[in-house]
Structure formats: structure tokens, C-alpha cells
Amino acid sequence: MKKVLLFLVFCLPLSYVVAQSNTFTEQDTLRGSITPERAWWDLNYYHLDIEVKPDEKFISGTNTVRYQVLEEKEVLQLDLQPPMKIEKVTQDGQELSVESKGNAHFIRLVKPQKKGDFNELTVHYSGKPKEAVRAPWDGGFSWKKDNNGKHFVATSCQELGASVWWPNKDHMYDEVDSMAISVEVPKDLMNISNGRLKKVEEHEHTKTYHWFVKNPINNYGVNVNIGDYVYFGEKYEGEKGVLDLDYYVLRDHLEKAKVHFTDAPKMMQAFEHWFGPYPFYEDSFKLVEVPYLGMEHQSSVTYGNEYKKGYLGHDLSQTGWGLKFDFIIVHEGGHEWFANNITYKDIADMWIHEGFTAYSENLFLDYHYGKEASAAYVIGTRANIKNDIPMIGVYDVNKKGSGDMYYKGANILHTLRHLIEDDEKWRSILRGLNSEFYHRTVTTQEIENYLSEHTEKDLSAFFNQYLRSTRIPVLEYSVTGDQLKYRYTNIVEDFDMPIRIYVNEKEKWLFPGKDWVTEDLAGDATDFTFDENFYIETKKVQ
Ligand SMILES: [Zn+2]
């Protein structure tokens, strides 16, 4: 998801504060944990086949779920949020009984479920889905009109869950391996979903758009976007060959989109360099205009940044560098690697998506404008960090951590880059993450382990400090003659990150810990500066 932060800064709603309380319900557990009724089967394929009636704000259809039996059980959990209703569930033509508990529906299977077998069931459902209050943060269906009075409809559902509009296994640990999405819409409109458009069927008053996603996709990545779209596109010569960059924009915006979307190939160039090949060549890369800011929907990134540079015309870093690119194209584009390729198993680890992706913004700058621009940008975004609650949320109850996951996340990765002091190695680590965890769901621990192993540093205290506490290390120091005395305070156990200083413009490493260390600066103790690439605070004491 994009940028909760700015909204927190500009217009923190009370509901957000209340939502921070840590009391959880049975519904939270059913939604957020790998329940026994989820654990025994492995998702293989969905065919979501629906009709959307914008005039009535109504959807209806089926989702066919194919799964492999891992353990022989009888009750299977799927999720669908009221007011959407399950009409019936069938397997091999036989209607099954369903016991519902809020959003969770427990389907009693009749056919013996034999280990290793692939079985299918079909859920028939309909209703008027929750309307988005402020997409994409408080999502659902956005039912809008364009300037010509045509319907302009889109879905967004991270955190809330895809089960707000279609029945599925609404937990992130198990991604479907491939998916067909068929959407019937009024004849004068188009539907753009994920993957490739395979076929358009014409009916008397409607058309059905059949899309197919060849790669694993997470639930919240699946989307429908309906509008009076026009298409343009280009071929991008990428690391894995020719990649289709396809753009769908409102009819009236075609000319300005053609100019503005030149940031898309620039994004692709920078991120293939830093992160490795775009992870979904088979499915193409699309930008699809929507009536809200934007979202990282896999292979159909949604765009609503008003064709402006920065974040709706604002620079999140206050340095000027944030106005060199369209924030949504770059940020949501970055999520193709960190969110869609490498996906959190549990939303408590959402910093993996947002930290690396906020960090990608300055790697974009690094690629096109150089290292100084990149550093100025990420350091500039520090002003947005609150250190209110830890970046890691609460596991198994669908609870994310602090909005600091964006810019604190970016700054700790920037710090790590400087700690490693070898940009080629750092790049190989970022690319390595994307190949090691290619098309996989992961935990923070797996990412931490990978980084520790490949940086050849034990980073456990580093991550405990920055991800699991809200404390920022304070380097206390004093100068007496040529002697620099220093230590860390406000740290977790064993935190001893080295930092760089410049003494008379020459670099020097300090190795602080919780105890005072004295260093002889050989005559230049009055002329030294801390390298601000390291995210710490400094405090002069007597
Ligand atoms: Zn994001």
C-alpha cells in the first residue's frame, strides 16, 4: 500500500488512533492466522467470474477454487465479508453445507479429500460490496464517474482483505499459483484486471473481459478497474527480453499520459538494475488510471496521482528531489519487487513491502541523478518518522505495525548500505533477495537471516533496535583536547553499530557500544562531523 504516512501527517483520523488499541477478537484470529481449516490445503488456481453492475453498485458471480490436499480433512475455510453473501458452494455438482462465523465460512466437504489430490469447489455469491471510504487506505469498491459522466469504478483492499469483494482464502501465506479473472461490464466500458487480456466476449448490453495471470498473485493484488479507457503502450528491452508496458487511461487523459508516463520505463530501468529482472514478464506491466491515489496491484499498478510529479505535487523529502519523479509510478512500481515478488506472510511484517519500496524511491534517484541526490532524499524523509510504535505489528491477527515502516524502513536500509560500504555488494544483496525469495511469501526473520548471512554481519541487534523498538540510538560524545569520548544510549541489548565520521574531511569509523570509548583524533578533534547517512541521533555532553 502506499503512503499512509502523509495522511497521518496531514489528517490523522480518530478512527486510526482507536484502531491502534491491541484488543483482538475471534474474527481477527480467523482472518489473521493459519487456521486448521486453512492449513490442510494448498491453493492452486482461482477463476473469479463476476458481473459488475455500476448503476446498481452490485456484483454477482462465482469463484472456482482449485486446491491440493495436504492433509485429509473435511472442513475448509473461505472468507467473504458481509454484506456480500454466499448463495451456495458446490463440489462436483453437489451442494455443500456452509457454517458461517462473520467473515469466515466453513465448508463441509462430502467427497473424501485424498492427500495429493487436486479438487475444485465453486462459490456462488452476490451483493453490494462495501464502498471505499478513502481508497486505498479504507478500501472496497470506489464507484465514481469521470468528467464525461461515465462510470469509473475500481477496487482496493489491502489490510481490509480481498474478501471484502470476492470469496477467497484471505490470508497472505498461501498465494494462488495462477488465476483467471472474468468481468462482465456495461458495453460502453472496459475492465482492466491483472495479467493478460485473453478475450473479450460481446453480449447484447455487456461485454466480458477475460484476463489471465500466469504468476502467483496475492489476494489484495487482484483488482478490477472499469472505465472509459483508452490504451497505449510500448516495448521495453529489459533484462529478460522484451517487456510489454501497457497503459490504460481515461479517454480525455491520453495526450498528457503519453508525456507523463515516460517515468514508467525510467522506473523499470532503475529497478531492474538494483533489484533484478521485473518479476512478471509473462503478465506484462500495466499502469491503469483509477479514481484514487494508487496501489501496487500486481502487473496492473493503479495510478491516480493526477499526472503530477512528487506525491500529488508534493515532495515528501522537502529537498526538491522528490519532484523529479511521479511518486506513484515509482513507488507502486517498486512494489512489483517488494510486495508482489517478495510478499509478507503476515501483515505484521508489512515493513518488508513498504520499507524496501520507500527505499526504492531513492534508488530510483540514485540511478538517474546520483548518490548525493539519493542520500539527500532519504535523509529528507526522516522528518516524517514518528517512532510511535514498532514497525513490526502483531502476528496472527491481521495487525500491521507503525506507519514508520515507510521512511524509517527506508532509512534503516540506507544505513545498512553505508554500513556495508560496498555498493556492488549491496546491489547483489538486493538482487539476491529477489531471486532467493522469487514469487514467495516470507517473514521478517527470513529477510533478516538473509541480510545477516550475505552482509557477513550479525544484524540481530540492528533489527531489534529499529524494527522491534521505537528507540533511536543516541550517540553521546564529548571532546577534550584531541580526545573524542563517545557511547550509545537508548539502545537495545548488544546494539553496537559502527558509524562513520569525517575528521578534517577524512573518514574514520567509530565503534560505539553502551560503554564509553575514547579515541585520539590526533589534533583535529575540533573539526569533525558525523556522517548523516547513519540513522542515529547525536548529543554532545560535558
Ligand atoms: Zn507502498
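Just so you know, all these numbers are worked out from the coordinates, no wet-lab data involved. Bear in mind that the values here come from a model prediction, so they are computed numbers and not experimental data. Glycine gets a Cβ as well: all are built from the backbone with ideal geometry, and neighbour counts include every protein chain shown.
Computed quantities for the displayed model
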{"quantity": "Restricting segment 440-489 to GluC sites (Glu not before Pro) in coil, as DSSP defines it, with at most 10 other Cβ within 10 Å", "calculated": "456"}
{"quantity": "Ranked 489, 208, criterion: other C-beta atoms within 10 Å, fewest first", "calculated": "489, 208"}
{"quantity": "5 angstrom amide H check on residue 144, placed H, neighbours 5+ away", "calculated": "152, 153, 154"}
{"quantity": "Proportion of all alpha-carbon pairs of segment 477-542 beyond 18 Å (%)", "calculated": "32"}
{"quantity": "Residues 521, 243, sorted so that the one with the fewest Cβ neighbours within 10 Å comes first", "calculated": "521, 243"}
{"quantity": "Kirkwood-Stokes translational diffusion coefficient of segment 424-534, alpha-carbon pairs, 20 °C, 1.002 mPa s, µm²/s", "calculated": "134"}
{"quantity": "Amide N proximity, segment 438-473 versus residue 24 label position 7 Å along Cα-to-Cβ, cut-off under 18 Å", "calculated": "442-445, 468-469"}
{"quantity": "Cα gyration tensor category, rounded, prolate or oblate, for segment 199-324 with a/c compared to 1.5", "calculated": "oblate"}
{"quantity": "Within straight-line cross-link reach of residue 145, aspartates and glutamates at Cα separation under 17 Å, skipping those fewer than 8 residues along the same chain", "calculated": "55, 56, 131, 188, 228, 252, 289, 306"}
{"quantity": "For segment 425-475, alpha-carbon Rg relative to the globular expectation (2.2 N^0.38 Å, N residues)", "calculated": "1.27"}
{"quantity": "Computed lengthening from residue 382 to residue 108, 0.36 nm per intervening residue step minus Cα-Cα distance", "calculated": "93.5 nm"}
{"quantity": "Peptide ranges 294-300, 438-444, 198-204 listed from the most packed, as the mean C-beta count within 10 angstrom indicates", "calculated": "294-300, 438-444, 198-204"}
{"quantity": "Once the Cα gyration tensor of segment 243-283 is diagonalised, semi-axes √(5λ) in Å", "calculated": "24, 13, 5"}
{"quantity": "Net length gained if the chain between residue 131 and residue 520 were fully extended (0.36 nm per residue, minus Cα distance)", "calculated": "133.6 nm"}
{"quantity": "Rough spin-label spacing in nm, given labels placed 7 Å along Cα→Cβ, for residue 449 and residue 502", "calculated": "4.0"}
{"quantity": "Taking N as its residue count, the alpha carbon Rg of the chain over 2.2 N^0.38 Å", "calculated": "1.03"}
{"quantity": "Theoretical FRET efficiency, 1/(1+(r/R0)^6), r = Cβ-Cβ of residue 457 and residue 423, R0 25 Å, to 0.05", "calculated": "0.95"}
{"quantity": "Sparse-neighbour loop sites [chymotrypsin sites (Phe, Trp or Tyr not before Pro); segment 466-542; at most 13 other C-beta within 10 Å; DSSP]", "calculated": "516"}
{"quantity": "Semi-axis lengths, Å, segment 29-129, gyration tensor of Cα atoms, sqrt of 5 times eigenvalues", "calculated": "24, 15, 12"}
{"quantity": "Inter-site label distance for residue 435 and residue 256 at 7 Å from Cα along Cβ, in nm", "calculated": "4.3"}
{"quantity": "Added length on full extension, which subtracts the Cα-Cα distance from 0.36 nm per residue, residue 232 to residue 39", "calculated": "65.2 nm"}
{"quantity": "MRE, 222 nm, helices only [DSSP H, n ≥ 4, -39500 (n - 2.57), over the chain, to nearest 500]", "calculated": "-7000 deg cm²/dmol"}
{"quantity": "Cross-link table 53/256; 256/324; 85/144; 53/85, entries beyond 20 Å C-alpha to C-alpha", "calculated": "53/256; 85/144"}
{"quantity": "Residues of segment 305-329 with amide N under 18 Å of a point placed 7 Å along Cα→Cβ from residue 145", "calculated": "none"}
{"quantity": "Inter-label distance for residue 468 and residue 201, nm, one decimal - labels placed 7 Å from Cα along Cα-to-Cβ", "calculated": "5.3"}
{"quantity": "Cross-link partners of residue 235 among aspartates and glutamates (Cα-Cα below 19 Å; sequence separation of 8 or more within a chain)", "calculated": "244, 246, 255, 263, 272, 282, 283, 336"}
{"quantity": "Debye-sum result for segment 378-451 in log10 I(q)/I(0), which assumes one identical scatterer on each alpha carbon, at q = 0.20, 0.27 Å⁻¹", "calculated": "-1.05, -1.23"}
{"quantity": "Highest-first arrangement of 369-375, 41-47, 254-260, where packing means the average Cβ count within 10 Å", "calculated": "41-47, 369-375, 254-260"}
{"quantity": "Chymotrypsin sites (Phe, Trp or Tyr not before Pro) within segment 103-170, DSSP loop, no more than 12 other Cβ atoms inside 10 Å", "calculated": "none"}
